[in-house]
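The structure appears below as structure tokens.
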Amino acid sequence: MSPFATSRRHMVRSLALGSALLPGILRQVLADDGMGSIAGGDTLAPRQPQHAARAKRVIFLYMTGGVSHMDSFDPKPRLHADAGKSVDPKNPKSAKYLASLWATGRGGRSGLEATDLFPHIRECADDLCVVRSLHGDHGDHFQATLGVHTGSVTFARPSVGSWVSYGLGSENRNLPSFVVLAPELPYAGTQVYSSDFLPGCHHGTRIVPAAEAVPNLARRAPTDGIQSLELGLLERFNRKHSVARGTDPALEARIRNFETAAGMQREMPEVLDLSRESDATLRLYGLERGSTKGFAWQCLVARRLAERGVRFVELIDVGSHDNWDAHGDMKTHGPLAKNVDRPIAGLLKDLKSRGMLDDTLVVWTTEFGRSPWTDGVYGRGHYNRAYTSWMAGGGVRGGTVYGKTDDLGKEIVENPVHVHDFHATILHLLGFDHERLTFRSGGRDYRLTDVSGNVVTGLLG
């Protein structure tokens, strides 16, 4: 090749070096055309989905520890009749069937059944699409938590939030495109919101419910003008450093994160300032004015983030201890449900009143269900063979139930939905073919649903 032969990419880098136009030129010219690797380009630029989308954003409600399906959204009267009976009639010492502590009721015009564990959410029954036939690949917390977040129970993979951020880009460059509201970390820790091999700017940004939800939000420079000059100089040096080193995804991600951090100083304080919310709105969520703790605060902040363009907001209720893992006593489900029930119902009602529920997909899930029989005396064990989750808004068929378990909640008898199917359906509602939303890493194309999964058309409205 002639020494004068220069690629377009190299030429643009050479001409733009040191120019005030450098960031804009590089972001446009160095971006690839496809949905594959966008290394070196602006991976946060807003992008059109692959087909017409029903939802523009996701609010993902994650309950840590394994919520019992029979005690929530898949009630089983048969358990009351069989309570105390041995699971294995030939072995009187085997585990015994355990009745639910909560009565069953119907909600909305649809008459959807749910127990008194979630009375407020049950009021929103006509907006819920309840999946009673979900199943996963592992019965341990760590692996099952990874599975419902990343599609893999064995290897580190990008989270569903990171895939959504990567696929859609950002609508608001002053805020992260993927935010996690979590007082504590669940099983599997930060991997539940990791971008892994995707560009680092799609990693979830954690916000902790507290008086200082995000550290260092206050501007250190004495004025906006001085800060803008400082940031402009920093941007120039960062880009010059980046171009001199070729395409480095880690470096590019760091620069993007600096940019987002600067934007957060401008916009995040207003997002977290709930003082202008009306008393009626605070009552809807069950939030005391001035409080910065609890799931009610998380739900209201999630709505404020969603209406400001954040693509994926995950809410994690509690951490890897004192959670829904009710081995000892099912009564522990009571206070945990009380913490989330009214706020979640308030979120659904608030989104609906603002016209946002139509294009906001709300997902409620946990890592697995619990056994129909005892674990100990009054508790239930892990159960990944059948459990329940639900979706609302964003193009799903409200007021419906999909899938069915037997009279004891033990086996799926109709329309099983694997976690990969669940993820494929979420991506479909956002306008993506889950088989085509891929990223090349280590010589192969990866996707959220690994090598399986089907869109569950029965969930679509």
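Listing for the model above:
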item: ³J(HN,Hα) computed for each position of the stretch 140-148 - Karplus, 6.51 cos²θ - 1.76 cosθ + 1.60, integer Hz, glycine/proline x; result: 9, 4, 4, 5, 5, 5, 4, x, 6
item: Pairwise FRET efficiency - Lys85 versus Lys293, Cβ, R0 = 35 Å, nearest 0.05; result: 0.20
item: Residue order, fewest to most beta carbons within 10 Å, for His202, His69; result: His69, His202
item: Cα-based Rg / Dmax (Å) for the stretch 286-339; result: 13.8, 42
item: Size of charge dipole - the stretch 287-415 - debye, nearest 20, with Cβ of Lys, Arg +1 and Asp, Glu -1, no other charges; result: 520
item: Paramagnetic reach from Val413 in the stretch 436-461 [backbone N under 16 Å; point 7 Å along Cα→Cβ]; result: none
item: Per-residue Cβ neighbour rank within 10 angstrom, fewest leading, Thr154, Thr145; result: Thr154, Thr145
item: Cβ-Cβ FRET estimate between Ala156 and Arg440, R0 fixed at 25 Å, reported to 0.05; result: 0.90
item: Förster radius 56 Å - calculated FRET efficiency between Asp224 and Val377, Cβ distance, rounded to 0.05; result: 0.35
item: Spatially proximal lysines relative to Lys56 (Cα-Cα < 22 Å; intrachain offsets below 8 disregarded); result: Lys349, Lys352
item: Rg followed by Dmax, in Å, when the stretch 257-382 is reduced to its Cα trace; result: 17.4, 54
item: Sorted by Cβ density within 10 Å, fewest first, the residues Phe60, Phe178; result: Phe60, Phe178
item: Extension gain (nm, one decimal) between Arg78 and Lys331, 0.36 nm per residue minus Cα-Cα; result: 89.1 nm
item: Among Gly379, Met391, Gly346 - extreme Cα towards positive end, dipole of the stretch 327-425, charges at beta-carbon; result: Gly346
item: Magnitude of the charge dipole, the stretch 357-461, Cβ model with Lys/Arg +1 and Asp/Glu -1, debye to 20; result: 180
item: Simple label model, 7 Å out from Cα along Cβ direction - Ala45 to Asp273, nm; result: 3.4
item: Distant-in-sequence amide H partners of Leu460 (H built 1.01 Å from N, under 5 Å); result: Arg397
item: Arg283-Arg266 pseudo-label distance in nm [points 7 Å out on the Cα-to-Cβ vector]; result: 3.8
item: The stretch 53-162 - charge dipole about Cα centre, Lys and Arg +1 at Cβ, Asp and Glu -1, debye rounded to 20; result: 160
item: Sequence-distant residues sharing a close amide H with Phe60 (under 5 Å, placed H); result: Val313, Glu314, Leu315, Val363
item: Nonlocal amide H pairs with Tyr446, under 5 Å, H built at 1.01 Å; result: Phe439, Arg440, Ser441
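FYI, it's all coordinate maths here, none of it is from the lab. Because the structure is predicted, anything quoted here is derived from the model rather than measured. So basically every Cβ, Gly included, is an ideal-geometry build from the backbone, and we count neighbours across all protein chains shown.
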